[in-house]
1. Taking the stated definitions as given, is ARG145 over 19 Å from the mean Cα position of the chain (by Cα), modelled with pLDDT under 95, among the basic types (Lys, Arg) and in a helix (DSSP H, G or I)?
2. Given the condition outside the structural domain of LYS21 (by TED's automatic domain parsing), exposed (fewer than 15 other Cβ atoms within 10 Å of the Cβ) and more than 21 Å from TYR123 (Cα to Cα), answer yes or no: does some residue in region 69-85 qualify?
3. Can you tell me which residue is nearest to THR168 (Cα to Cα) among those in region 129-150 that are surrounded by 15 or more Cβ atoms within 10 Å (Cβ to Cβ) and of a type in the set (Asp, Glu)?
4. For region 41-65, how many residues meet the condition of being out of contact with any helix residue (DSSP H, G or I) (no Cβ under 8 Å at 6 or more places or on another chain) and within 11 Å of ALA29 (Cα to Cα)?
5. Please verify whether region 192-199 includes one or more residues that are in a helix (DSSP H, G or I) and aliphatic (A, V, I, L, M).
6. Out of SER166, SER195, SER175, I need the residue that is free of Cβ contacts under 8 Å to residues at least 12 places away in the same chain and among the small types (Gly, Ala, Ser). Which one?
Amino acid sequence: MRNDSLIYNLFDYTPSKGDLKKLEITKAAIECLAQVGIEKTTFEAIAKKIGTRRAHVAYHFPEKHKIFLSAVKYVLATFQEEISKSVDQVDNSRDKLTSYVNASFNWMEKYPEQVTVLMLMFYLCALEHDFMDFYSLMRDKEIERLQHLLRSGNSLCDNDRIAFISKTIWNTVHSEIMIIVTNKGKVIEKGRENSLSTLNYLLM
């Protein structure tokens, strides 16, 4: 298995052999969650995905709750990495904001199983504080990123206006993602178009 760079976001230090196994289990859990749902994502199902025994999975993640949380963290880390790579490729503020929007929908196309897990996360947020706390932290950090992009080389100087635009962009992108997933016939390109249109309107 390749040494996935996202592991540094998950474990915050140079990965050990045990950390790499946790990553392998996390990826297998994402596949299971997307393919068979929460109830059928068992220790046995995850173990089968990676060709090991149930006891090996339980050794690294004694509770399914912890596996699911790791899966959510990995999905959101992937999402953030896609955005960062795209934003870093352009220079001016407006292009960076456009890249932010485009990268969000590029992620949807590139990682359809992760999109399914993102939707499951909202269900888990309603049940467990751990998921809600982590998602809230991620949301706040992404809005801070948007505020920083707006302040960088942008004529907007009013902090309240910047805060409003940042929240609106974030809410629009994530609402469109949810609409695409939950509405038959809704395509990614339409969500991208709607989000870019909202962005352009806000920056007029």
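1. Details: over 19 Å from the mean Cα position of the chain (by Cα): no; modelled with pLDDT under 95: yes; among the basic types (Lys, Arg): yes; in a helix (DSSP H, G or I): yes.
In short, no.
2. Taking every residue of region 69-85 in turn, at least one turns out to be outside the structural domain of LYS21 (by TED's automatic domain parsing), exposed (fewer than 15 other Cβ atoms within 10 Å of the Cβ) and more than 21 Å from TYR123 (Cα to Cα).
3. Applying the first criterion (surrounded by 15 or more Cβ atoms within 10 Å (Cβ to Cβ)) to region 129-150 yields 130-132, 134-135, 138-139, 142-143, 145-147, 149-150.
Filter once more, keeping what is of a type in the set (Asp, Glu): 130, 142.
Details: ASP130: 25, GLU142: 12 Å.
Checking each candidate, the answer is GLU142.
4. 1
5. Looking for residues that are in a helix (DSSP H, G or I) and aliphatic (A, V, I, L, M), one finds at least one in region 192-199, hence yes.
6. Working: SER166 fails: free of Cβ contacts under 8 Å to residues at least 12 places away in the same chain; SER195 fails: free of Cβ contacts under 8 Å to residues at least 12 places away in the same chain.
The unique qualifying residue is SER175.
The values are calculated or read from the model by the stated rules, or taken from the named source; none is laboratory data. Quick caveat, the model's predicted, so the values are computed rather than measured. Counting neighbours? That spans all protein chains shown, and the Cβs are built from the backbone with ideal geometry, glycine included.
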